[in-house]
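Each remark here refers to the structure printed beneath this line.
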Amino acid sequence: MSAVLPSLLDQPPTQGLILAWDLDGHGGGTPLDWDGVSRWAPPAEAHGAQTGQWVHLDRKQQDVRRWLKGKRSEGGAGVPPLAARALLAEATRPRCQVYGHGVLIVLRGVNLNPGSAPEDMISVRMWVEPGRVISVRQRRLRALNDLSQALTDGHGPHHIAGIVDALASSLAGRMEVLLEEIENDLDGAEDSLDGPEVRIDERLARETVQKIRPMVIALRRHMLPQREALSHMLTLNHPALHGMDHEALRETVEQVVRYVESLESSRERALVLKDELSSRQNDRLNQRIYILTLATGVFLPLSFLTGLLGINVGGVPLADSSLGFTVVCALMMCLAAAELWLFRKMRWF
C-alpha cells in the first residue's frame, strides 16, 4: 500500500485525481483510481460514523470541473450546483454551509511551498456527505499529503468525519509555527529600539514592521471567517458529520480563537512600533530644523550688517581705516555672542 501512495503524489494529477482512499475504519485504507471512485454508491443508512471514500482533486483540471458539476445519474459527483460552484470558484472565504444531504466546508492553511509567502493562504474545499468526502485544491498543501501518509501508515482517520477533524487540526497546528515567528520578530524589533546602534537598529526594526504588518493583516482576514466556520461546524448535527470528535474540534476552535487574538495583538504591536519609529524620525527631523533655525537667527543679522557695510556708496564707517576690518569682525563677534546669550536666556536651546 505504501508503494502506491508516493506514485499518486509525485506524478502530475491524472485527469485531475491527485489521490483517493477507501477508508477501512481502522486508520488505514486502500488507494483508489478513477474506476474505484466512480464505483462509489451512497450508504443505505446514514447513521453513526461513516467509513467510505476520500477523494482529493485538482480543481484546475477540466475533467474535475465536469465531474463535480455532473449529476450522479450521468456519472458525475452529484454535488448540489451551489456547492459545486463554491468548490470551483476562483476566490472564496472560509465557511461551513449545509446544502441538502451534505456540508460544504472551506478552510485555509498557511502556504509553506518553497518561494511562497506564508500569508498567501491556500484554500482547501471539501464536500462532505454520508460515505464520502471530496476535497479540491489548486496549489499543494502539506496537510493533505500528511493525512495521506497517515492513512498509508495505518494511523489515519477511521471515518469520513475524521478526515475533516484531522485536516482542521493539521491546518491549525501549522499556523502556530508562523505566529511564533511573527512574535519573535516583533520582540526583536522592540528590543532593537533600545540598542546602542540607534540608526542600524531602527532600520532593522522598520524593515521588520514593513514585512510583518501586511502579513498579519492578510492572516487575520482569513482567520476570522475560519474561526466562524469551525464554530458553526461544532454546532452542526448533520448525518454527513456523524462520528466527528467534538472534543478535538472544540480544541481546534480554541486554537484558532487564540491565533486570532495573537494576530490582533501582533497588529497592535506593529502599529505601536510604526508610530514609535515615525515619532523618532520626526524628532530627529525637528531637531535638525531647530538647529538650522538657530543658525539662521544668528547669521541673519550678521549678514544684514555685512550687506550694509558692503554697499558701494560713500560714508561707509571705517572704510579708510587700516583697522576697519578688525573692528568690524570684533563687532560681529560681539553681536553673535549677544544673540546667543539672548537665545539662551529665552531657553531656545
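Nothing in this text is a laboratory measurement; each read-out follows from the coordinates by a stated rule. Quantities reported herein were computed from a predicted structural model and do not represent experimental measurements. Here the Cβ positions follow ideal geometry from the backbone for every residue, glycine too, while neighbour counts run over all protein chains shown.
Summary table below
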{"read-out": "5 angstrom amide H check on residue 57, placed H, neighbours 5+ away", "value": "18, 135, 136, 137"}
{"read-out": "Kirkwood hydrodynamic radius of the range 70-188, from inverse mean 1/r over distinct Cα pairs, in Å", "value": "15.7 Å"}
{"read-out": "The range 152-163 - phi-based ³J(HN,Hα) in whole Hz, Karplus 6.51/-1.76/1.60, Gly and Pro as x", "value": "4, 7, x, 10, x, x, 8, 8, 4, 4, x, 4"}
{"read-out": "Ellipsoid equivalent to the chain - semi-axes via the Cα gyration tensor, in Å", "value": "74, 19, 17"}
{"read-out": "Ranked list, fewest to most other Cβ atoms within 10 Å of each Cβ, for 329, 96", "value": "329, 96"}
{"read-out": "Positive-end residue of 78, 121, 106, charge dipole of the chain with Cβ unit charges", "value": "78"}
{"read-out": "Residue-wise HN-Hα coupling along the range 302-314, computed from phi with Karplus coefficients 6.51, -1.76, 1.60 (Hz; x: Gly, Pro)", "value": "5, 5, 4, 5, 5, x, 5, 6, x, 6, 8, 9, x"}
{"read-out": "Farthest positive-ward along the chain dipole, Cα basis, beta-carbon charges - from 238, 193, 159", "value": "238"}
{"read-out": "Using θ = phi - 60° and Karplus 6.51 cos²θ - 1.76 cosθ + 1.60, couplings along the range 181-191 (whole Hz; Gly, Pro as x)", "value": "5, 4, 4, 5, 5, 5, 4, x, 5, 5, 5"}
{"read-out": "Residues 105, 18, sorted so that the one with the fewest Cβ neighbours within 10 Å comes first", "value": "18, 105"}
{"read-out": "With at most 13 neighbouring Cβ atoms within 10 Å, loop GluC sites (Glu not before Pro) (DSSP) excluded, longest segment of the chain", "value": "198-349"}
